[in-house]
Every structure is written in structure tokens, then in C-alpha cells.
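Enquirer: Structure incoming, see below.
Read the figures in this text as sums done on the coordinates, not as results from a lab. Note that the structure is predicted; figures quoted are calculated from it, not measured. Cβ atoms come from the backbone with ideal geometry, glycine included; neighbour counts cover every protein chain shown.
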Amino acid sequence: MSLRLKFEYYPKIDGALLKDANKFIQQNKEKWDPPFFTDTKSHIDIEKIQQTTKHVINKDLRNVIVLGTGGSIQTLLAIKNLARKKIYPITSSRAVELNKCLNETNPEDSIVIPISRGGETLDVNSTIGTFLKEGYNFIGLSSMGTMNEILKKINCPILDVPDLSGRYAGSISNVGIVPAYLSGINIEDFIRGLEEGYNLYMNSENNIAIEFSCYLFNLYKKGYKVVFSMPYSMNLEGSVGLFVQCISESTGKDGKGLMGTFQSAPICQHSVLEYLLGGTKGATIPILWTINNENPELTLESSINYINGQNAQRIVNYQADATFQALIEQSVPSAKISIDTPKEIVIGHLISFILSTIYYLCIFLDVNWANNPKVVIGKKICNKALKDKVSSEEREKIREKIADDIFRNFF
């Protein structure tokens, strides 16, 4: 058991089942590419990062604006709360976020970092020109495509993005490390946490990542299809977002897989818990995520004597444990993942646990852990509609015709 992370779950997987799981992993893992994400050195050149970014590392830099989506930004969101600079994650051209960023920043104290390996991501390419027009400086993370050409034309420094699955590559490549470094996050400690975790979870049998994946897989075989996460700290929501993306994109193929989703806790106790406790059973697996020592912490003032003087997060953790107990009492298989503190080394360790778990789960499901072939379907439809200037009414008619053919006699 790691001192940085604790995994508690019910019902327990017995020793014989876990032994069989370890045997199956050894037999089936050769069918798929080896896990590149455990290599924390080959895809990062710290000296090159420092050399490329030295012109913007100064006391005037206040804002790091990251144009990216999916795997290109999710790892950064996991450590975003540790930044010394203000991070603006711009994941698309949604007007509210763009306006907020433009109103709160200016070119003199900001750097814009567009991220796209292939360079054709619409969510990124559609926003570059807006910041370019306002005179912002750029550092690009790109290897090819339209975005790469745009950045070359403006003489923007460019660092490469490896041809690797983004949701796994963010923590061990420029994708996550460059914006984290510019934001003042201790990337050395973060990487050290990753290495520590992978040494524990990827090099030995009977570790909690294998146990967690075995637990999820055996519930899946019983008909459970949704994993609902309940993060009891804002410092955990980025990591939980990575878990949601990885479990959905990595396992959800070949007609198989689990759907990941989450809502902030404890507010989800007032919106979703009634369903979990009293609704359809056998469909959803609740996962609670907690922090033992929050940062920053706050001492509560209250006229209620058993609350007054308590740490704020301690009260929240009481709620988490009570919810966990209630789920078990109502015969709902559920789990709790706890970390000690939201420091860089611990978040790195947590991410290694998440990615190791998903890797093993994909081996159990016999699906390729690294790809996501269906994602491009919607992207192609969108780009074609934009280029052809298809109106909203025409797009609806197209959908209606397709649905009439696909869902004939469905109900």
C-alpha cells in the first residue's frame, strides 16, 4: 500500500480471483503495444524547454493561456491548482470562456500555448487568430498540419508533440510539462511522483492498480456500465477528469467498455445520491475521491460546537465517509480513493495509479488501450459542414433522414 494513496473498496476481490487476474494480464498484454507512458524521460528535454521559453520566464508573466482539448490539456488540469501563474484553459471557441480570458488578460503579461500534434484540431485552430489579432505572444506545441503552418508564419517558437495517445502522453511530454513549467509548477517533483507510482504499479503483481482494474472488470461482467466519480476537493477534479476521459476513451470500443462521469462532491450528494442509493441497482459504480490534508486549508467558525474550530476539509471528509457507508449499507458496490495532500509529487503518483489502472482494465476487456478510432467521425462531419456552409436547418434535415433509416421500427 502506498503512503501517498489509499484504495478502499467493497465487496473485496478474493485472492484466487486476483491471482487469476495477474495470470491473465501476463498472457494478454503481449497482444497490445507496451505502455509507453511509464517512460518519463525519453519525450522530455528540460534543457530545450528552458532554452525555448527563457524569453517569457520573467516577473511580468502572469497568465498562461492554453489552447487545447482532451488529452492535450487534461493532465495540466490535474495540476492546475498548483500553478504560481493564472492558467486559462481554452478548450474550444465557446464565447463565455474566450471573452473572460480576453477581458482578464493582456498581451504584455501573458503567453498563449496552442497544443495539437496533428495540427487539425478545430477547437484549437478556431481560437488562434483571436489572440493573434490582439498581439499575444505564442509558444506552440505542434508537429504538423494547419496549426504548425500558422505558427511558423508568425515565427512562433515550436516544441514538438510526440505521436502518442494524448491522454497518456500529457504527463511525460511537452504537452503537459511545458505549460506546467511556465506556470511555475514544480515539474521535477511531478515527474518524480510519476516514476514512484509506475515503479509500484507497473513492475509488480498484487498492487492496488491491478486490484482496482480487476474490481471494475468483474463488476462490468455483472452488468455495471457507468463509473460515477465524486471528487470531494477541487484539487482532485482535474485528475478525476483524466480518469473519466481515460476510462471512456480507452475501454469504450469494439462494443465494450465503461462510461466515466463525475460531479463535484459533496454537492452530488444532493443531486445524484438518491438515485445511487434508491434507484436502479447494478448499473453504476460510485467512486469517492478525497484528500486527507488539503492545501490551502481553512479553520471553520461555527455556533455548532462539533463543527467550530474544525478544518473545513475534515468536515467534508466526514460527509464522504458517511456517503461511502450509506452506499455499502444499500448494497451498492463502491470504492474510495484517498491521497494525502495535493502536492506535485502526490498528484504525479495519483496519475500513475489512474493510467496503470486503465491500462490493466483494457487488457481484461481485450481492447486496445491506446487508440480511439471513433472520435474522428464527428470531427469529419463538423469540418465538412463548416466548409460547405451547411445551415442549421439543413443539418437538422440530414440528421432526421439518417435517424429515419437507422432507427426504423426502433420502438
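Enquirer: Across the Cα atoms of the chain, what radius of gyration and what greatest pairwise Cα-Cα distance (Dmax) are found, in Å?
Expert: 22.5, 66
Enquirer: So how strong a dipole does region 10-107 carry about its Cα centre when Lys and Arg Cβ are +1 and Asp and Glu Cβ are -1, to the nearest 20 debye?
Expert: The calculation lands at about 340 debye.
Enquirer: Give me the one-decimal Kirkwood hydrodynamic radius in Å for region 195-254, with the sum taken over alpha-carbon pairs.
Expert: In region 195-254 this quantity evaluates to 13.3 Å.
Enquirer: Still on this structure, I have one more. Compute a Gaussian network model of the chain, connecting alpha carbons closer than 10 Å, and tell me which residue from S72, S204, S116 fluctuates the most.
Expert: Fluctuation is largest for S204.
Enquirer: Using amide H atoms built 1.01 Å from N in the peptide plane, name the residues 5+ places from I185, or on other chains, whose amide H lies under 5 Å from its own.
Expert: Correct list: R84.
Enquirer: Quick check: net charge around T284, other residues with Cβ under 15 Å of its Cβ, Lys/Arg +1 and Asp/Glu -1?
Expert: It works out to a net charge of +2.
Enquirer: Choose one answer from E30, E396, E329: the residue with the largest mean-square fluctuation in a GNM of the chain with alpha-carbon springs under 10 Å.
Expert: Comparing E30, E396, E329 in the GNM, the peak value goes to E396.
Enquirer: Could you please report the charge total around F228, scoring K, R as +1 and D, E as -1 over all other residues with beta-carbon less than 15 angstrom from its beta-carbon?
Expert: So the surrounding residues net to +1.
Enquirer: Determine, from the Cβ-Cβ distance of N199 and V376 and an R0 of 30 Å, the FRET efficiency 1/(1 + (r/R0)^6), rounded to the nearest 0.05.
Expert: 0.25
Enquirer: Show log10 I(q)/I(0) for region 316-403 at q = 0.13, 0.19, 0.22, 0.24 Å⁻¹, two decimals, from a solvent-free Debye sum over equal Cα scatterers.
Expert: -0.82, -0.95, -1.11, -1.20
Enquirer: If you don't mind, there's one more thing I want to ask. With +1 assigned to the C-beta of every Lys and Arg and -1 to the C-beta of every Asp and Glu, and no other charges, what is the dipole magnitude of the chain about the Cα centre in debye, to the nearest 20?
Expert: Dipole magnitude for the chain comes out near 740 debye.
Enquirer: For the chain, set up a GNM with springs between Cα atoms under 10 Å and report which of I307, I177, I90 has the largest fluctuation.
Expert: I307
Enquirer: May I pose another question? Pairs to check: K256/K384; K6/K225; K152/K343; K86/K253. Give those whose C-alpha atoms are more than 31 Å from each other in this structure.
Expert: Cα-Cα > 31 Å for K152/K343; K86/K253; rest within.
Enquirer: For region 110-185, what is the charge dipole size about the Cα centre, in debye to the nearest 20, if Lys and Arg each add +1 at the Cβ and Asp and Glu each add -1 at the Cβ?
Expert: The dipole of region 110-185 has a size of about 80 debye.
Enquirer: N58 to E104: FRET efficiency via 1/(1 + (r/R0)^6), r the Cβ-Cβ distance, R0 25 Å, to the nearest 0.05?
Expert: With R0 = 25 Å, the Cβ-Cβ based efficiency is 0.80.
Enquirer: Further question on the same structure: Output the Kirkwood hydrodynamic radius of region 38-187, Cα pairs only, in Å rounded to one decimal.
Expert: Answer for region 38-187: a Kirkwood hydrodynamic radius of 15.0 Å.
Enquirer: What does the charge add up to near K59, with Lys and Arg as +1, Asp and Glu as -1, over the other residues with Cβ less than 14 Å from its Cβ?
Expert: +1
Enquirer: Here's another thing I want to ask about it. Find the relative contact order for region 65-213 and round it to a whole percent, using C-alpha pairs within less than 8 Å whose residues are 6+ positions apart.
Expert: 27
Enquirer: Any idea which of N106, G348, Y220 is furthest toward the positive side of the dipole for the chain, if Lys and Arg beta-carbons carry +1 and Asp and Glu beta-carbons -1?
Expert: Y220
Enquirer: Please give, to one decimal in nm, the separation of the simple spin-label points placed at L122 and N295, each 7 Å out from Cα toward the Cβ.
Expert: With each label point 7 Å from Cα toward Cβ, the separation is 4.1 nm.
Enquirer: State the three equivalent ellipsoid semi-axes of region 1-117, derived from the C-alpha gyration tensor as the square roots of 5 times its eigenvalues, in descending order and whole Å.
Expert: 40, 19, 16
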